[in-house]
Amino acid sequence: MGAMKKSKLILGALTVLALSCQPGSKGDKLPVLGNPTTDNGVTKEHTIRPFTYFSQDSAVITNDSLANGIYIADFFFTSCPSICPRVMKQMLRLHDEFKNVNGVRLVSFTLDPKRDSIGKLSVYAENIGVKSDKWLFLTGDKDFTLDLADDYFVAALEDPSAPGGFDHSGKIILVDKKGRVRSFCEGTDPTTIPDFIKDVHALLNEEDK
Amino acid sequence: MKKTSKAFLVLTCLALYHSCQDTFTQGQRIYSTLCANCHMDDGSGLNDLIPPLKGSRYLNGEKEGIVCIIKNGIRADSLGLTLKYMPSHQKMTEVEMTNLLNYLSTTFSSGKPWTLSEIKTLKKNCKP
């Protein structure tokens, strides 16, 4: 084999190897995020705790209602004067990316149920121009939601000195059918979204198998 | 032309250039601090919730009222049909508002120049 042919072969093999390492390619598995716990000798992966919320359509939504597909989650409140509009813009970008893809939904939990009634969430969703079969806006118990945010690795706390009364991070989280966190990105940084989109595709491929 | 006259001309041009840069920079800074969180860095807004500034008819003067909107803000619809809301900026000076509007106009619209005297008149006519 000529030296030229040999180097072409090596280059080709390296290209295939490099492509196979790209997130989102078939056969690539996303990690399960969070520390596993051991109970009576049984190791359990980190999962989102069971929850019950109301959607913008007054429908009762539990973690079981979401288990028929994967979902993209964030935490927000409608009167948030700081990072929420920026994060929502990126959620909307993800909505537009996956609006025709079955098995992917978006879920936004309000941290401020006192002001964010079902009616208000309904108007909010309408103003953004999205429908509940693709994007759920959920309201429920405030303290439970603040604890639930921990499961998604989102920092959220009530703070009267913070703009709007709540401090929270702008993470966007990817959750699989088993309620496990598989990826995340920063909703305040649009440059992190393309890699996140690849991760959503990777998880869809994994769930299809 | 005498040497001193030439130097004076150069210095005047430089001063003018810098003053233009400063006013533009102030407008940009005000936008980043007070507006970009909702209207976004590129002025694209968020569908019907936060109107886009890109190509807005308010900026090229086709629609009146942008000065009053900045000054008084927009109250949420009492009927609850929209959550459109904007905080008021009562403390923004006329100079700051002129610089902001010129930045917005240049960046997101046709570039209609806004003058200080125009802003003063429009602001005076805003309902409290």
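Where a number appears in this text, it was derived from the coordinates with a stated rule and is not lab data. Treat the numbers as computed from the prediction; the structure is a model and nothing was measured. Heads up, the Cβs are rebuilt from the backbone with ideal geometry, glycines too, and the neighbour counts pull from every protein chain shown.
In whole Å, what is the distance between the alpha-carbon centres of region B:49-128 and region A:149-209? Each part reduced to its Cα centre gives a spacing of 35 Å. Among A:166-172, A:111-117, sorting by the average number of other beta carbon atoms lying within 10 angstrom of each residue, highest first, gives A:166-172, A:111-117.
The listed peptides A:133-142, A:200-209, ordered by packing as a protection proxy, come out as A:133-142, A:200-209 (highest mean of other Cβ atoms within 10 Å first). Relative to the longest principal axis of the Cα atoms of chain A, the long axis of helix A:118-128 makes an angle of roughly 50 degrees. Neighbouring Cβ atoms from other chains, within 10 Å of the Cβ of residues in B:37-49, number 5 on average. Rounded to the nearest 20, the size of the Cβ-charge dipole of region A:44-142 about its Cα centre is 200 debye, with Lys and Arg at +1 and Asp and Glu at -1. At the listed q of 0.09 Å⁻¹, the Debye profile of chain A, built from one uniform point per Cα, gives log10 I(q)/I(0) equal to -0.39. Which one of A:G170, A:L157, A:A202 is farthest out on the positive end of the charge dipole of region A:123-209, using unit charges on Cβ (Lys, Arg +1; Asp, Glu -1) and the Cα centre as origin? The one lying farthest along the dipole's positive direction is A:A202. Shielding by partners for peptide A:120-128, expressed as the average number of C-beta atoms from other protein chains within 10 Å of each residue's C-beta, is 4. A cut-off of 5 Å between modelled amide H atoms, ignoring neighbours fewer than 5 places along the same chain, links A:I61 with A:Y53, A:F54, A:S55.
Remark: region A:73-209 carries a charge dipole of roughly 440 debye about the Cα centre, counting +1 on each Lys and Arg Cβ and -1 on each Asp and Glu Cβ. Its Cα centre serving as origin, region B:66-128 has a Cβ charge dipole (Lys and Arg +1, Asp and Glu -1) of approximately 180 debye. Ranked for footprinting exposure by Cβ neighbours inside 10 Å, fewest first, A:E158, A:E97 give A:E158, A:E97.
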